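Below is one structure, written out as structure tokens, with a few remarks after it.
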């Protein structure tokens, strides 16, 4: 059996370990903290603590972008090892992989799963069940490497898999994930938040669920996808201004049209995402 | 037993009927369409179709704001009947009640429950289970009328009940419900929405769940709460601009601080709303 390791025992790395172990793989884990390694061992998420990255045929890197790039540039992988990362930005990561010669095979991943909590205590063998997985392709990407990763993905329980370039990934994700976290984070800054308990329903809860982003994790993600996220923010601010301007002008017909526009778009994406 | 009627057999009116009937009340329904009345009868949500509003001791008005105001101004209620409405805006409704003499007792309600679908087909006796209910108070409000409404609310299964003035309600709701619907509606207008299926996780789904607002329902709600919703939109746009400006200036320290600000606020409201 191929020797598999996961670097990083946070919610995503921990869940990769847990899901693969549950599916019968032997997985070793590399954690930054003693606590996360102990937790992973006790929970039965890993076979053992990893000692030497060069021992493994397959390595999942599940650490923040800067550390991921460092591993991909300077990690001492086994010759021909299959290495996959799970970063939420892919162009910068891919650059680090392909800008110099390397002794490993690479496939970029982005599992569309998570929680509003973090760390291995939030990990679960079920985290990826039915979730979307994005696999990014460069011209250097080998079909057999992608096929190998898909076997792992199936074992982890992923639902739909989409494949695209790193650039396409970064544009889409700026909307579907990164912007959402900023909007949620901004949403709670209204003075009306004070004492709003009891005045909320599902829409407020949905809007603010992910507001508590860890700025240490997200600032670099945004920085690595700066142009796309600026574009999304510009677009959203300009759209929000249309409702505001219609309200201010007491132009209810315009307001109604502006709402209808969004409703019609929402109806086109309904089927694909619900 | 007091004779109870519900005017309006949409999702909220239908659910009031269904919940009260399930709790043992005899409830008659007034529906605008034949279909909704037939549905309510077949589903066992109502005892009978209502014929004359003046026959009832308690009347819940569950129709859009304009029609609610019309009922409150010109409805022929029984002398001393207890009348409650469920509109999402309360100052304008209250004005209609108190600006002229009336032969009925009044309590304003706003159930914080709903779905992204509408109509009696979406109604359920469980819709209000554990949900927040807002009761608005004016100086004319009588404690015994509120107590009577609370008995009904308990029967419908509401969780927390908060009481406040119509003005406080309208300010809070501008944030916790009305703004959320505009943000969601605006969110889907990004060009990246095209083909985003497979690139989404829970955060996108949360952000866009309520995007498909019915402009016929929401335009008047916004119009009746214009000043508050403009204030919320101004605030959100200005906050979103801070992230955008920090990104544009490549000031990651500022971006991180801006995210941290939101996280700290989110942590203060966590307990009350999760």
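See the values below:
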{"quantity": "Segment B:61-74, subset at pLDDT 95 or above and surrounded by fewer than 18 Cβ atoms within 10 Å (Cβ to Cβ), residue nearest to residue A:201 (Cα to Cα)", "calculated": "B:67"}
{"quantity": "Filter result for residue B:256 (facing chain A (nearest Cβ under 7 Å), part of a helix (DSSP H, G or I), over 20 Å from residue A:237 (Cβ atoms) and modelled with pLDDT of 95 or more)", "calculated": "yes"}
{"quantity": "Qualifying residue in segment A:134-145 (condition: facing another protein chain (nearest Cβ under 9 Å), in a helix (DSSP H, G or I) and surrounded by fewer than 17 Cβ atoms within 10 Å (Cβ to Cβ))", "calculated": "no"}
{"quantity": "Test for residue B:16: is it out of contact with any helix residue (DSSP H, G or I) (no Cβ under 9 Å at 6 or more places or on another chain), crowded, with 23+ Cβ neighbours inside 10 Å and touching a residue at least 60 places away in the same chain (Cβ under 8 Å)", "calculated": "no"}
{"quantity": "Identity of the residue in segment B:81-117, surrounded by fewer than 17 Cβ atoms within 10 Å (Cβ to Cβ) and within 14 Å of chain A (Cβ to nearest Cβ), that ends up nearest to residue B:132 (Cα to Cα)", "calculated": "B:115"}
{"quantity": "Meets criteria (modelled with pLDDT under 95 and over 26 Å from residue B:228 (Cβ atoms)) for residue A:219", "calculated": "no"}
{"quantity": "Segments classed as helices (runs of 4 or more DSSP H), wholly inside segment B:1-103, with at least 2 members that are farther than 23 Å from residue B:222 by Cα", "calculated": "B:11-22, B:34-42"}
{"quantity": "One residue from B:248, B:263 being within 7 Å of chain A (Cβ to nearest Cβ), under 28 Å from residue A:231 (Cα atoms) and buried (at least 16 other Cβ atoms within 10 Å of the Cβ)", "calculated": "B:263"}
{"quantity": "Among the residues listed as A:175, A:179, the single one being more than 7 Å from chain B (Cβ to nearest Cβ), surrounded by 21 or more Cβ atoms within 10 Å (Cβ to Cβ) and either assigned to a helix (DSSP H, G or I) or touching a residue at least 60 places away in the same chain (Cβ under 8 Å) (or both)", "calculated": "A:179"}
{"quantity": "Per-region count, segment B:217-241, residues touching a residue at least 24 places away in the same chain (Cβ under 8 Å), under 29 Å from residue B:117 (Cβ atoms) and facing another protein chain (nearest Cβ under 9 Å)", "calculated": "8"}
{"quantity": "Subset of segment B:185-212 [assigned to a loop (DSSP other than H, G, I, E, B), within 7 Å of chain A (Cβ to nearest Cβ) and free of Cβ contacts under 8 Å to residues at least 60 places away in the same chain]", "calculated": "B:188, B:189, B:190, B:196, B:197, B:198, B:199, B:200, B:201, B:211"}
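Residue by residue, here is whether (1) in contact with a strand residue (DSSP E or B) (Cβ under 6 Å, 6 or more places away or on another chain); (2) free of Cβ contacts under 8 Å to residues at least 60 places away in the same chain; (3) closer than 29 Å to residue A:209 by Cβ holds:
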residue	(1), (2), (3)
A:100	no, yes, no
A:109	yes, yes, yes
A:117	no, no, yes
A:127	no, no, yes
A:139	no, yes, no
A:157	no, no, yes
A:164	no, yes, yes
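A quick yes/no check of all residues on (1) closer than 28 Å to residue B:247 by Cα; (2) out of contact with any helix residue (DSSP H, G or I) (no Cβ under 8 Å at 6 or more places or on another chain):
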site	(1), (2)
A:103	no, yes
A:108	yes, no
A:111	yes, no
A:125	no, no
A:153	no, yes
A:166	yes, no
A:181	yes, no
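The values are calculated or read from the model by the stated rules, or taken from the named source; none is laboratory data. What you see is a predicted model; the values in this text were computed from it and never measured. No Cβ is skipped: glycine too gets one built from the backbone with ideal geometry, and neighbour counts run over all protein chains shown.
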